[in-house]
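Each remark here refers to the structure printed beneath this line.
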Amino acid sequence: MTSGQGRLLAVSDLHVGMAANKPVTESLRPHTDDDWLIVAGDVAEHFEEVAWALRLLAERFARVIWTPGNHELWTPRGDPVQLRGAERYAQLVELCRSLGVLTPEDPYQRWAGPDGEVLIAPVFQLYDYTFRAPGTHTKEESLARARASGIVCTDEYLLHPDPYPAVDDWCRERVAATEKRLAALDPDTPLVLVSHWPLLREPTDVMWYPQFAQWCGTELTADWHTRYNVAVAVYGHLHIPRTTHHDGVRFEEVSIGYPREWRRRGHPRGLLRQILPTPHES
């Protein structure tokens, strides 16, 4: 399936479990009947809330492409779906397929725009604690520094890596499998590479708490935007929506974030970020 004459739009970090974010999600609508939407993770924590949001968006947009964030992978005590780790992810993939939503486990789709075709590649890579806290040299030192400062991601309590021994083991398996798949693609076809976590550490440099970066990606993906033919990299997670460029590649952080964040800064780029056709301001 390829697109018509619509736009390729993106959003992430909808967090619809928060009362103020649900109407924000309800307000998301395409510009045309041919618009596609990328949802780059952190839709919600509870399974039914993820289902509600993706169902709503799938009914409105010509095509929806999703990749998981850390929040979808949590197993909250109050969620009737108590699957953990890889089993939870597999169940989310099945949910998406029942709704017609594409996932990292499905064939990459071609999107045709005025500048030609691109391949939309949603990837799921997690993190491995290699974006370490300043002054530390091992995962253990970095985690200890974060705990001492009181900056600990909720993933440490709710994101279970089963059947892997640790999240970084799961990450390494995901990265290896994804690299094999990306390497097999036609190098002449540009990619829109979609992930929840940023591919390289530089976007985390503006975070208020540098200790938190260790939950934000892996050094194993730092060259993906140059090793592969990436036209645009789309991500979320940081709740710092902006456009940056790295090695000549455009990176779009497309998160909505928490109410306390978007109430303060507003939505200066709109709720939905246009990825393609390339917007003039980029």
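The values are calculated or read from the model by the stated rules, or taken from the named source; none is laboratory data. Remember, predicted model here, so these are calculated numbers, not experimental data. Because the Cβ atoms are built from the backbone with ideal geometry, glycine has one as well, and the counts that use them run over all protein chains shown. Side chains are part of the model used for accessible areas, which takes the heavy atoms of the whole protein and leaves out ligands, DNA and RNA. Shrake-Rupley method; radii C 1.70, N 1.55, O 1.52, S 1.80 Å.
Miscellaneous remarks
- In terms of overall dimensions, the chain has a Cα radius of gyration and Dmax of 17.7, 53 angstrom.
- For the peptides 64-71, 262-269, the ranking by packing is 64-71, 262-269, with the highest mean count of neighbouring Cβ atoms within 10 Å listed first.
- Rounded, prolate or oblate (a/c below 1.5 giving rounded, otherwise prolate when a/b exceeds b/c) for the range 175-282 by Cα gyration tensor: oblate
- Rg(Cα) / (2.2 N^0.38 Å) computed for the range 21-152, rounded to two decimals: 1.26
- Spin-label model distance (nm) - E219 vs A90, 7 Å beyond Cα toward Cβ: 3.3
- The stretch between V206 and R29 holds 60.6 nm of extra length on full extension. This uses 0.36 nm per residue minus the Cα-Cα distance.
- Taking every DSSP beta bridge that has both ends in the chain, the antiparallel portion is near 40%.
- In order through the range 151-163: 3J(HN,Hα) via Karplus (6.51 cos²θ - 1.76 cosθ + 1.60), integer Hz, x for Gly, Pro: 10, 10, 5, 4, 3, 4, 10, 10, 9, 9, x, 2, x
- Helices assigned as whole DSSP H runs in the chain whose Cα atoms extend at least 30 Å along their own long axis and whose mean Kyte-Doolittle hydropathy is 0.5 or higher are not found.
- Prolate/oblate/rounded call for the range 88-138, Cα gyration tensor, a/c under 1.5 rounded: oblate
- Unit charges on C-beta of K, R, D, E only; dipole of the chain, Debye: 640
- Entry comment: accessible area of the range 193-282 is 42 Å² per residue, from protein heavy atoms only and a probe of 1.4 Å.
- When all protein chains stay in place and ligands, DNA and RNA are ignored, the 1.4 Å accessible-area order of R260, R84, largest first, is R260, R84.
- The chain - percent of accessible surface contributed by carbon and sulfur, probe 1.4 Å: 50
- Net length gained if the chain between A144 and T189 were fully extended (0.36 nm per residue, minus Cα distance): 11.8 nm
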